[in-house]
Structure formats: C-alpha cells, structure tokens
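Contents: one structure, followed by commentary.
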2 protein chains.
Amino acid sequence: MKVFVIGAHGQIGKLLVAQLLARGDEVVAGIRDSKQSAFFEDQGAETQLYDLNEQPEELAKSLTNVDAVVFSAGSGGKTGDDQTLLIDLDGAVKSMEATEKAGIKRFVLVSAMNAEDRTRWTAIKPYYVAKHYADLYLKDETSLDYTIVKPGALTNDAGKGGVVIDQQTGKIAREDVAEVLISVLHNPNTIKKEFAVSTGETPINEAVSQL
Amino acid sequence: MKVFVIGAHGQIGKLLVAQLLARGDEVVAGIRDSKQSAFFEDQGAETQLYDLNEQPEELAKSLTNVDAVVFSAGSGGKTGDDQTLLIDLDGAVKSMEATEKAGIKRFVLVSAMNAEDRTRWTAIKPYYVAKHYADLYLKDETSLDYTIVKPGALTNDAGKGGVVIDQQTGKIAREDVAEVLISVLHNPNTIKKEFAVSTGETPINEAVSQL
C-alpha cells in the first residue's frame, strides 16, 4: 500500500512514516518545507511539498498515485488559535476535498477522544471545536472511505502495543497511535467508522480488526 | 411575531431589537449579563439570560414561546481566535441545537459575504472559517427552517434602505442588515435559502420577498 502522510514532520507523522516503511508500505511524506525532505528520503520515503495554506485544487495535485491519505497534521500547542481554525479544521477539510478531487477514496483522520461530546471539552476547547467540525465534515459532507481515529491524551512513552477501544478517558503513546493508523489502513472493516483509542490490553491489530 | 435575538447587545443586535419593536414585533433579547436587561426592558422588550458558554440543553430552556430565533452574536474583533471558535462557530451551532430542542423551526443566521468561498478569504480568515462551518452545519445537520444572511463589509453608516443580492463585493450599514433580517423573518419564501447582501438600489423588502 502507498500512503500519503499529511503532517509527516509532526510528532505522530514521523513515527507513522518510519513504521509504515518498516512494515514494507510505500510512503509519500507530505512536508511543508523542502528542508524536511532529506530526513524522509534517507529513510526511503518519497516526499512532496504540501502546504495547508493552499487551496484544495493545488493540494490535489500533490496526491497522485497513492492508495490512501492520512491526515496527522496539527497546528500544535505553540501557535495561536487562528492556526487551530486554519490547520486543524480548515486544513483538514481542504485535504478531504483535495483527496476527493484526486480520485482517492481512502482517508484516515487523526482526531481526538471526546471530540463529539462538548460536555467533555474541559481544556483546550478550541482544539476540540476544530476536531469536532472536521470530523462532521468528513462523515457528512464527503463520500470518502473514511476512518476517524480519536486517541486519548498523547504521550511520548514507548509504545505498549495494546489498546482499548471507545473508553472515554485514557492516555496513549504516539508510537501506539501510529501503529493503530497502520492497522486501520490495512483493515477495510474500519471504513466509515470512528473510534476512541487509548492504552489497554488488546493487541492493536486484534482490536482494530474487530471494529 | 415573537423573536428571540441571540447577541441582542451586539451592534447589529441592538439595531435589530429596536427595529423589531418599532415594527410591532415582540422581542426577547438574549443577553449575556443581567446588567444589560434595563437597556432592553426600557424599550419594551423581554430579556433572557443566554450564555453561549452553556450546553445546548441549558440554552434550550431560554428559548420558550418564541416563533423565531435570530443569531446575531459575534465574538467581535477585540477577542482572541479562541472566541471565534467558541462563539462564532460552536456558539452558533449550540444555538441551532438548542432551537431544535426547544421545538422551534425558524432560525436566521447572520453569516458573512463569501463565507462559502475560501479563495475570497483575504483577511480575518479565522472568522470566515467559523462562519463557513456554522453555515454548513445549519444547512446539512439540522432540520431547521433556516435563512443564512451574508452581509458585505459592515459599516455604521445610516441605513440606505436599498440592497443588492448576491453580489460578491460591497458594504452595507448594520442598520440595513437589521432591516434585512426583519424582512427575512416576515417572508417565508426565504426559508432554506442563503444570500449575500450589500448596499444597492432595490428596496429591502422588495429584494427579500423575491428571493
């Protein structure tokens, strides 16, 4: 499988690219800055400039000859809430539109646990607003074969390899999120589904293949 | 007609309340702060506390015995983009959900000219992102009898009384926007429609009644 990773240079993105390559999948790393290309090409990935400030028509030109698109970009905690709106919400939606324009069906979105439930947006509310509306757009305004992955609080711990599905609290290592995403890509039963995921006891591929 | 105005104490809201009362409509002014109540009660409006930080279930309790809801709240230019997400986008959507929960069908949303066309978001982009996704939600995720009014650049000029519909550039006085909203409320032909509006030559009610 050949996968385009939007936000390849992000924290989850880097882990995802490395794990996809290790597994034998092909990767196009979508990068914001050409200086990031060597990092990925040294690992054996292709790279493609992909600027979320562009319009969907432009973005679509980058999405050629891939089987699936993963959106793991995020504006991160260091930028303002304008970027939350422009990257986490509108950048995600522009990428969905671009994927449709490029004729690709499979789209995997990294969202956040409880994005659908406002009563649980206790902190970083703007981030949840952005995720909530990006999720809604993907489900209701596109015809993509989507999966929405909603990890709990992200950590930089080593991956544990086990998860629990649809628990409303919990943490998860970014390394495990990357493995979940790969498992999702390789399990078509996950199409048109969304699920929360956090650290647990069930081996990742077993949990994902039973969704 | 009895109208609940969300954002009654805003710039358009105040004009809208006054013009509705002058026309003989009944008004419930949705206010954020009980100190704002005298301003409206002196004019003959009812008031109701309506805090956009609340959940839809709470908001719905305020929306009783009215025929229509107008959302003219806005976080304004002085607050951060977190408020753009929380008020202009999620606050608007929570109000739609509350309106549905309250069993009211008619909902009029003040949006912005070109909110549907990203290529025209030349300035204040986060505001347009918020408006765009609030508009989409209203159209595609609710069963409300909506109208989406998309004024051009807002001014504090005296109202001119004339407009042009669906031009992609232009300005309009807030006083005229208020009159457009009233005309929309009294013209059921506007249900399930959205339109841009700016200053022009056609008398407001004539333009609106022909939508």
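In table form, for the structure just shown:
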{"read-out": "Test: residue in the stretch A:101-118 that is more than 27 Å from residue B:82 (Cβ to Cβ), within 14 Å of chain B (Cβ to nearest Cβ) and at pLDDT 95 or above", "value": "yes"}
{"read-out": "Helices (runs of 4 or more DSSP H) completely within the stretch B:113-211 that count 3 or more residues being within 30 Å of residue A:59 (Cα to Cα) and under 18 Å from the mean Cα position of the chain (by Cα)", "value": "B:125-140"}
{"read-out": "Residue match in the stretch A:127-143 (condition: in contact with a strand residue (DSSP E or B) (Cβ under 6 Å, 6 or more places away or on another chain), within 14 Å of another protein chain (Cβ to nearest Cβ) and either in contact (Cβ under 8 Å) with a residue 24 or more places away in the chain or open to solvent by 10 Å² or more (accessible area, probe 1.4 Å) (or both))", "value": "yes"}
{"read-out": "Selection count, the stretch B:97-112, where residues are outside any helix (DSSP H, G or I) and either touching a Ser or Thr at 6+ places or on another chain (Cβ under 7 Å) or under 13 Å from residue B:73 (Cα atoms) (or both)", "value": "7"}
{"read-out": "Qualifying residue in the stretch B:194-211 (condition: modelled with pLDDT under 95, within 30 Å of residue A:75 (Cβ to Cβ) and surrounded by fewer than 22 Cβ atoms within 10 Å (Cβ to Cβ))", "value": "no"}
{"read-out": "Residue in the stretch A:170-179 that is on the phi > 0 side of the Ramachandran plot and open to solvent by 50 Å² or more (accessible area, probe 1.4 Å) present", "value": "no"}
{"read-out": "Qualifying residue in the stretch B:149-165 (condition: away from chain A (no Cβ under 14 Å), charged (D, E, K, R) and open to solvent by less than 20 Å² (accessible area, probe 1.4 Å))", "value": "yes"}
{"read-out": "Some residue of the stretch B:23-40 being under 14 Å from the mean Cα position of the chain (by Cα), within 14 Å of another protein chain (Cβ to nearest Cβ) and crowded, with 19+ Cβ neighbours inside 10 Å", "value": "no"}
{"read-out": "Top-ranked residue in the stretch B:99-112 [being surrounded by 24 or more Cβ atoms within 10 Å (Cβ to Cβ) and aliphatic (A, V, I, L, M); ranked as farthest from the chain's Cα centre (by Cα)]", "value": "B:112"}
{"read-out": "Given (1) within 10 Å of another protein chain (Cβ to nearest Cβ); (2) in contact with a Leu (Cβ under 7 Å, 6 or more places away or on another chain); (3) open to solvent by less than 30 Å² (accessible area, probe 1.4 Å), number of the condition residue A:56 does not satisfy", "value": "(2)"}
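Okay, residues lined up against (1) part of a helix (DSSP H, G or I); (2) at pLDDT 95 or above; (3) within 14 Å of another protein chain (Cβ to nearest Cβ); (4) surrounded by fewer than 20 Cβ atoms within 10 Å (Cβ to Cβ):
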| residue | (1), (2), (3), (4) |
| --- | --- |
| B:8 | no, yes, no, no |
| B:14 | yes, yes, no, no |
| B:20 | yes, yes, no, no |
| B:44 | no, yes, no, yes |
| B:70 | no, yes, no, no |
| B:78 | no, no, no, yes |
| B:84 | yes, no, yes, no |
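Yes/no matrix, rows are residues, columns are (1) within 17 Å of residue A:18 (Cβ to Cβ); (2) of a type in the set (Gly, Ala, Ser); (3) touching a residue at least 24 places away in the same chain (Cβ under 8 Å):
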{"residue": "A:152", "(1), (2), (3)": "no, yes, yes"}
{"residue": "A:160", "(1), (2), (3)": "no, no, yes"}
{"residue": "A:164", "(1), (2), (3)": "no, no, yes"}
{"residue": "A:167", "(1), (2), (3)": "no, no, yes"}
{"residue": "A:171", "(1), (2), (3)": "no, no, yes"}
{"residue": "A:178", "(1), (2), (3)": "yes, yes, yes"}
{"residue": "A:187", "(1), (2), (3)": "no, no, yes"}
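The values are calculated or read from the model by the stated rules, or taken from the named source; none is laboratory data. Nothing here was measured: the structure is a model prediction, and the numbers come from that model. Cβ: placed from backbone, ideal geometry, glycine included. Neighbour counts: every protein chain shown. Only protein heavy atoms, including side chains, enter the accessible area calculation; ligands, DNA and RNA are left aside. Shrake-Rupley method; radii C 1.70, N 1.55, O 1.52, S 1.80 Å.
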